Amino acid sequence: MRFAFTEDQLEFRDAVRDLLAHECPPAVVRAAWDDVDGRSGPVWGALAEMGVLGAGAPEDQGGLGFSVLDLVLITEETGYVALPEPFVEHAVVAVPALPDAASAAAGEVLVTAGLGGAAFVPYVGSADLLVAEEDDVLVVVARDELIIRPETSVDGSRRLGWVEWDVATAIGDAGALDAAFDRGALGTAAQLVGLTRRMLDLTVDYVKEREQFGVPIGSFQAVKHHLADARIALDFARPLVYRAAWSLAEGEPDASVHVSMAKALASDAATLTAQHTLQCHGAMGYSFEYDLHLYMKRAWTLAASWGDAAWHRARVGRAIL
Amino acid sequence: MDLRFTEQEGAFRAECRSWLEANVPRGLPSGDTREGFGLHLEWERMLFDARFAVVSWPEQYGGRGASPMEWLIFEEEYYRAGGPQRVTQNGIFLLAPTVFDFGTEAQKDHILPRMARGDDLWAQGWSEPGAGSDLAGIQSKAARDEAAGGWRLSGQKTWTTRGAFCTHLFGLFRSDPEAERHRGLTYFLVPLDAPGVTVRGFGRLDGDEGFAEVFLDDVFVADDAVLGEVHQGWGVAMATTSVERGLTLRSPGRFMAAADRLLDLYRDTDGVDATDPTLRDQVVRAWIDAEAYRWQTFLTVTRMTDGDNVGSESSMTKIFWSELDVRIHEAALGILGPAAEVGDNPWMKGYQFALSGPIYAGTNEIQRNVIAERVLGLPRR
């Protein structure tokens, strides 16, 4: 038993973290709210150039042959910056499933995904391909075949669409469909871990600076305990996310149950942290100009996507009871 | 990352499982009663003879030199087999790590094997009537007796777990009344049969005589009763307490076993969904949380093996397991409904014990302060 990432995995994570810290600050997320596609602009291309978008594809398709385990820390970093892109759908769900992922790996083609009975699909308006389910198999739908009814999200940088299609191409059987859904849920759980870290970091900095009654509000026990609880929720969700990534990568028989435990705790950790960090900011956090809500709203939407906590607990319950 | 157990770990697990399944005693009375304590001690001595009492200790002191991962495996198997509470735990898990770090060779050779065999039974003497969460407020005194080559201890310790049944006490005493609160303390090892010691057991919430007051009236101890440096007792106590408090005292195996029993209770209770459909969700939550504690521990132990200092992070562990234990028992009481109060239901007994978790070993409010200040870096007041 050895529960640690390799040096290579950590170095790649650090490189992606540095790139995103530089390229995807809050101003970029805020700009995406006003962008017609709700997207990040040059950040997506930078990630393609770095090999991140196609990392999950085989090397002969321009990828790096990364497993879900290799991708999990990177995905967490895209959550930390609230990257306004369908990163999980494209890089974690679709790229490993497409028969030829070369153009998606290069970032020339944008792929999104809607599985598990999802009512609407993120960023489908700007996608070239949709990975979806039809008659219990995994299919891909070309843009030309899609009828899209655009929809807005409470997270202004998420562009949604209700979709219909007539013609789709099967790319995987029921097993592939289940695996793709589990990758989506796991990737989303990783992003929620990143978002939880971000909300907590932002708030720790704030309560150290903000003074009331002549002292930093972070010196008050009521504030300390809110943030300690958020940190505990984070620290006990995270290992289940990494463990589920390992189980998926290794094809463990109970991998789906492991994914559900991870998504349930990651969703709950992010939801709790959103509430506690808002409270610790007071009216400042309630201000639209302040950045906290960018991360909070993403956390709300992802907590409910790819199965919310209750849905995933029910799936665990079916396995153990 | 490889989350499979190694062949060696698997073999160790198999050895633990087969011995424990064949030997774990059934239906012992509570170890926090006089009668039960004696029966528990017999079990502890069986564990020692089979070299399972202190698996992680070096062989010379009665252990097997097991790795931290193997120790976790032992714990999982111990509670899976229905092993009873360890009445020796406060010595083995709270004092021994400090002896390993600060004891002289003579102290290690004398104290550790006797502790492992259950010859000496150690109680923790930290809390006092006026020093609970504010531990540095300790008033019990140690006065130097130069002529006799030792110290004279006076004062009162209280809420001392199983103090009425133990033979020895480890505790902090104020050796320098002039020094700043944290600096003038010394860590002493005190035989409870020394002249001047009076021990009075008293009942806990659950009715068992699990607590004791220990009165010390001019009790003489020699210089070799000091653990670590004189006046450095606070540092000695704190250096090893955090990990012990967090992980070692209550490892995941205990809660995994409790969560599994909760699943059994849910399955075996007819019509439980009809009375309260939220119970199922509570049961699943508790089970997932026990898994979360297990995997968080594997991650932490791997980090410790790699040389990381987890220090104050273990306050998170203490909060997590103690509140998980309460949730597991709350779910069980919900399933039992009115049956919970009847007779001596083990879940009701367990619930009362679980409620002590957020209080002992540093209240969870204190732990949350520690997390905020030392993990998150928020300012102290």
Among the numbered criteria (1) surrounded by 21 or more Cβ atoms within 10 Å (Cβ to Cβ); (2) free of Cβ contacts under 8 Å to residues at least 24 places away in the same chain; (3) in a helix (DSSP H, G or I), which one does B:M348 miss?
(1)
If I filter region A:184-192 for residues that are surrounded by fewer than 18 Cβ atoms within 10 Å (Cβ to Cβ) and either at the interface with chain B (Cβ under 10 Å from one of its Cβ atoms) or at pLDDT 95 or above (or both), do I get at least one hit?
no
Within region A:154-183, can you find the residues that are more than 30 Å from A:E76 (Cβ to Cβ) and either crowded, with 16+ Cβ neighbours inside 10 Å or of a type in the set (A, V, I, L, M) (or both)?
A:W165, A:V167, A:A168, A:A170
Taking the stated definitions as given, is A:T188 of a type in the set (S, T, N, Q), farther than 21 Å from B:L376 by Cα and without any contact (Cβ under 8 Å) to a residue 24 or more places away in the chain?
no
Could you tell me whether A:E151 is more than 9 Å from every other protein chain (Cβ to nearest Cβ), surrounded by fewer than 21 Cβ atoms within 10 Å (Cβ to Cβ), of a type in the set (D, E) and over 19 Å from A:W300 (Cα atoms)?
no
Residues of region B:125-151 being surrounded by 13 or more Cβ atoms within 10 Å (Cβ to Cβ), over 14 Å from B:G233 (Cα atoms), within 20 Å of the chain's Cα centre (by Cα) and not hydroxyl-bearing (S, T, Y), in sequence order, are B:E128, B:A131, B:G132
Might you let me know whether region B:126-135 holds any residue that is modelled with pLDDT under 95 and in a helix (DSSP H, G or I)?
yes
So is B:N364 among the polar types (S, T, N, Q) and modelled with pLDDT of 95 or more or not?
yes
Flagged pairs (Cβ under 6 angstrom, 6 or more apart or on separate chains; first in region A:195-210, under 20 Å from A:T271 (Cα atoms) and surrounded by 24 or more Cβ atoms within 10 Å (Cβ to Cβ); second modelled with pLDDT of 95 or more and of a type in the set (A, V, I, L, M)) are A:L195/A:A270; A:L195/A:A299; A:T196/A:L234; A:T196/A:A269; A:T196/A:A270; A:V207/A:I217; A:V207/A:V223
Tally, over region A:7-42, of residues that are under 16 Å from A:E76 (Cα atoms) and among the β-branched types (V, I, T):
1
Report, by residue number, each residue of region B:1-14 that is surrounded by 15 or more Cβ atoms within 10 Å (Cβ to Cβ) and either in contact with a Leu (Cβ under 8 Å, 6 or more places away or on another chain) or in a helix (DSSP H, G or I) (or both).
B:M1, B:E9, B:F12, B:R13
I need a count of the residues in region B:309-331 that are away from chain A (no Cβ under 11 Å) and among the acidic types (D, E).
2
For region B:199-219, what are the residues that are acidic (D, E), over 12 Å from B:F165 (Cβ atoms) and buried (at least 18 other Cβ atoms within 10 Å of the Cβ)?
B:E213
Tell me whether region A:150-158 contains one or more residues that are part of a strand (DSSP E or B) and either on the phi < 0 side of the Ramachandran plot or not acidic (D, E) (or both).
yes
Within region A:243-269, considering residues that are closer than 20 Å to A:D201 by Cβ and crowded, with 24+ Cβ neighbours inside 10 Å, the one nearest to the other protein chains (Cβ to nearest Cβ)
A:L265
Regarding region B:291-300, can at least one residue be identified that is of a type in the set (G, A, S), farther than 16 Å from B:G350 by Cβ and not in a helix (DSSP H, G or I)?
no
Among the residues listed as B:P379, B:P358, the single one being in a loop (DSSP other than H, G, I, E, B), more than 7 Å from chain A (Cβ to nearest Cβ) and of a type outside the set (K, R):
B:P358
Leading residue by the ranking (surrounded by the most Cβ atoms within 10 Å (Cβ to Cβ)) among those in region B:42-63 that are free of Cβ contacts under 8 Å to residues at least 24 places away in the same chain and under 17 Å from B:S18 (Cα atoms)
B:L47
Regarding region B:311-331, can at least one residue be identified that is touching a Lys or Arg at 6+ places or on another chain (Cβ under 9 Å), in contact (Cβ under 8 Å) with a residue 40 or more places away in the chain, buried (at least 22 other Cβ atoms within 10 Å of the Cβ) and more than 30 Å from B:S67 (Cβ to Cβ)?
yes
Residues located in region B:265-306, provided they are within 11 Å of chain A (Cβ to nearest Cβ) and among the charged types (D, E, K, R):
B:R267, B:D273, B:R280, B:D281, B:R285, B:D289, B:E291, B:R294, B:R303, B:D306
Just to verify a result, which residue in region B:367-376, among those that are within 7 Å of another protein chain (Cβ to nearest Cβ) and in contact (Cβ under 8 Å) with a residue 24 or more places away in the chain, is surrounded by the most Cβ atoms within 10 Å (Cβ to Cβ)?
B:I371
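The values are calculated or read from the model by the stated rules, or taken from the named source; none is laboratory data. Predicted model only: the values in this text are computed from it and were never measured. Counting neighbours? That spans all protein chains shown, and the Cβs are built from the backbone with ideal geometry, glycine included.
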